[in-house]
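Step one of this worksheet: look at the structure below.
The values are calculated or read from the model by the stated rules, or taken from the named source; none is laboratory data. Predicted model only: the values in this text are computed from it and were never measured. For neighbour counting, all protein chains shown are included, and Cβ atoms are generated from backbone atoms with ideal geometry for every residue, glycine included. Accessible surface areas use protein heavy atoms only, side chains included; no ligands, DNA or RNA. Shrake-Rupley method; radii C 1.70, N 1.55, O 1.52, S 1.80 Å.
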Amino acid sequence: METFLIKAAQLILAFVLLVTIHEFGHYLFARIYGMRVERFYLFFNPWFSLLKYRPDANTLQVIAWTKKVKKKMPGPDMETVEKEVEEERSLLKFKLGKKHPAMKNGKPTWRATLYGLGWLPLGGYCSIAGMIDETQTADSMASEPEPWEFRAKKPFPRLMVMVAGVLFNFILAIVIYIGIAWYWGADFVKFDKAEEGMDYSEQFQKLGFRNGDILLTYNGAYADAGDQSFAWNLINKGGTVQVLRNHKDTVTINIPQEYVSTLLKDADEKAIFTYRVPVRVDSLLKGEPAIKGGILKGDRILRVANDTTPSLTEFYPALEKAKSKTVPMLVERADGSHATVNVAVNSAGKIGIMLMPVSEMFPVTHVSYNFFESIPKGMSDGWEKLTTYVSSMKYIFTKEGAQSVGGFGAIGNMFPAQWNWYTFWYFTAFLSVILAFMNILPIPALDGGHVVFTLWEIITRRKPSIKVLEYSQMVGMAFLLLLLVYANGNDIYKFFFK
């Protein structure tokens, strides 16, 4: 339960930030071009709002839940009194002071907007006067347009208002990546410094990789562990990889282009490769089998009974086989000497050791960036994430890609079980890139749909009718609702059946 709450809190905080920045982009450009913003909402508010602030009237309205007690007398003797407590919603209104004009010199001000907090956390909206969206219909456009309405402006200002939300999300991602580079820098273990190489997925082993292979080159260039696009390039672009096998033999392996489509067919595939971690003991639990058997801090366990254990990949299955048995274990001491100790493995397949952190076993390369160096680094990371995500979208239209689509559960699982600010900001930036791209898709009801209609008007010099805009908005909203149901349905199916 605690893990769920931590992941949910990170998801909600990221969502609030992304939605607010996106809608603020629309708001700011609408104000720059003299349009009246009627409502600015975080989250949707069907039927009621949790909070509403109207600056021109200087009123604040807050939803509060109060308890109302009803007394019932079920018997004629009136000896028994039952109390029934009901929770009801009430609206609290506060007057904050004198009223301010919503218009100044015939132009709308920020006080003309109703600011609110909805209760349905599926997004937010910025409702601009004279614009067909989820809050307005063709009937509300029957009157002649006012000069401060969206529909009264020329195509270019309307186009900029529509693009602004996407632009702000992408700028936010770049700003976060700049902050990450400046504050944390970059830490990674070079492939050739991981002494036990990599563990490879089943699909990659079919290509010729073997667990323990050390990555050397990719298409003739040094295999750079610091390149965040390295794994994606392997499975999307394909190419030739050279690995060091058994610490002596150089082996060349060819990866087909767009191998990602093959990986999508296997729902169990997660990472194409991970570092192989040696079994090094960091500490021992008092009274447990390891300390009783003679294992010391700093030991590396090389064999359990007859099974060699160069990494955790082999170590855990070996312990599972040895459950409830006392077995010999070959260990390498901190001074390089070897010893054999007899250790009783408990019924749960545990011996009572804490493993050494990876950062202490392998040399970690740290790259620091000053403020000015972090700017191009952040811009490069943002652009790289965008191009990578865009290039991966074509697989959504395959059977395997459609099955991999996830909803809020899948997004929430991206965040770690323990709160970590680096990971939070990293995934928030990535989600901001995704939100920017998804919103610019030419789907009615999304920003991209409005952009398409505006570009059509610029090219043909003919404005689409209000009815066409209204019906396309309805179709787009229906499509997005179905997509939302499908994506979250996938999450539910995977949770219960996979």
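Measuring only protein heavy atoms, the 1.4 Å probe finds Ser49 accessible over about 20 Å². In the calculated pair distance distribution of the range 296-351, what percentage of Cα-Cα distances lie above 17 Å? That tail contains 31 percent of the Cα-Cα pairs.
What translational diffusion coefficient, to the nearest whole µm²/s, does the range 218-299 have by Stokes-Einstein, given a Kirkwood radius computed over alpha-carbon pairs, a temperature of 10 °C and 1.306 mPa s viscosity?
Working: Rh = 16.2 Å.
Value of D from the Cα-based Kirkwood radius: 98 µm²/s.
With only the Cα atoms considered, the range 184-247 has a convex hull volume of 96 Å³ per residue. For Glu320 and Ser465, the difference between the fully extended length at 0.36 nm per residue and the C-alpha to C-alpha distance is 45.3 nm.
Between Phe4 and Trp119, take the C-beta separation as r, use R0 = 22 Å, and let me know the FRET efficiency to the nearest 0.05. Working shown, then result.
On the way: r = 21 Å, r/R0 = 0.94.
Using R0 = 22 Å, I get an efficiency of 0.60.
Over the C-alpha atoms of the range 156-314, the Rg to Rh ratio, Rh being the Kirkwood estimate, stands at 1.12.
Using heavy-atom solvent-accessible surface (probe 1.4 Å) with all chains present, what is the largest-first order of Ile176, Ile375? Before the final figure, lay out each step's value.
Numbers: Ile176 15, Ile375 55 Å².
Greatest to least solvent exposure: Ile375, Ile176.
What length, rounded to one decimal in nm, is gained on full extension from Met354 through to Ser368, with 0.36 nm per residue of separation minus their alpha-carbon distance?
2.0 nm
Calculate the tail of P(r) for the range 1-45: the fraction of all Cα-Cα distances greater than 11 Å, expressed in %. Cα-Cα pairs of the range 1-45 separated by over 11 Å account for 70 percent. Positive contributions from Lys and Arg (+1) and negative ones from Asp and Glu (-1), summed over other residues with Cβ under 11 Å from the Cβ of Leu319, come out at +1.
Here the spin labels are modelled as points 7 Å beyond Cα on the Cα-Cβ line, and at Glu195 and Asp335 they lie 1.8 nm apart.
Length gained on full extension, Phe44 to Thr313: 92.1 nm, using 0.36 nm per residue less the C-alpha separation.
Accessible surface ranking for Val468, Val16, 1.4 angstrom probe, highest first: Val468, Val16.
Per-residue SASA remark: Met414, around 50 Å² accessible (1.4 Å probe; ligands, DNA and RNA not included).
Once you list every other residue whose beta carbon is under 9 Å from the beta carbon of Arg333, what net charge do they have if Lys and Arg are +1 and Asp and Glu are -1?
Details: positive: Arg300; negative: Asp299, Glu332, Asp335.
That sum, taken over residues with Cβ under 9 Å, equals -2.
Here the calculated FRET efficiency for Met379 and Met103, from their Cβ-Cβ distance with R0 = 30 Å, stands at 0.15, rounded to the nearest 0.05.
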